[in-house]
């Protein structure tokens, strides 16, 4: 959806400028808002995308949208022409590189507030209308709300069942082996003792009979 001030600017430009043809491309982009300081220098860019640009036309609509002013144009031959009443010492149209044009405003004042738009044109009279840039000199940019960062709680280190078995198994196994070994020795001694007991009793009984 095109903002109403920008739509009014584009409509006025199309009626006011005879050089614009019938092949129109309106590039939908989020509008840009600039907040330059008073008496500073601001540059507004116009990128040439999906078209072989030969000319660029610059317009502006004042903050009250009462009129649309033609600022100037630039071609690939390096020639620039400015509109009537434009202060050429403050407004400079130029080409940044093969894919970008720019409008530079020197010593920005509050009167320069408004919407600045560019129109690109190729050799076949195909035109690309760019979304305007809103210039608000001396205004304070809105403060973005701070980002809320949630801190992650460190997860406690938990041992698995296997680690518990590995750690505790050795502590239980060896005492158990020792206990079994001790019981085995005690059992062997007991069996050995009882195995010799009948022989002792028989020998004692025979000896007693002889004495009687």
**Prompt:** Gain in length, residue 104 to residue 62, computed as 0.36 nm per residue apart minus the alpha-carbon separation, to one decimal in nm?
**Reply:** 13.4 nm
**Request:** Return 33, 68 ranked ascending by Cβ neighbour count within 10 Å, so the fewest neighbours appear first.
**Result:** 33, 68
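To the nearest 0.05, how large is the calculated FRET efficiency for residue 32 and residue 151 if R₀ is 25 Å and r is the Cβ-Cβ distance?
E between residue 32 and residue 151, to the nearest 0.05, is 0.10.
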**Message:** Taking every pair of distinct Cα atoms and averaging 1/r, then inverting, what Kirkwood hydrodynamic radius in Å comes out for the stretch 75-162?
**Reply:** 18.4 Å
**Asked** Stretched out fully, how many nm does the piece from residue 144 to residue 87 gain, at 0.36 nm a residue minus the Cα gap?
**Response** 16.9 nm
**Message:** At a 10 Å Cβ-Cβ cut-off, how would you order 129, 74, fewest neighbours first?
**Reply:** 129, 74
**Request:** May I ask you to sort 147, 130 by Cβ crowding, counting other Cβ atoms within 10 Å and putting the fewest first?
**Result:** 147, 130
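No value in this document is a laboratory result; all are computed from the given coordinates. Because the structure is predicted, anything quoted here is derived from the model rather than measured. Glycine also receives a Cβ, built like all others from the backbone with ideal geometry; neighbour counts cover every protein chain displayed.
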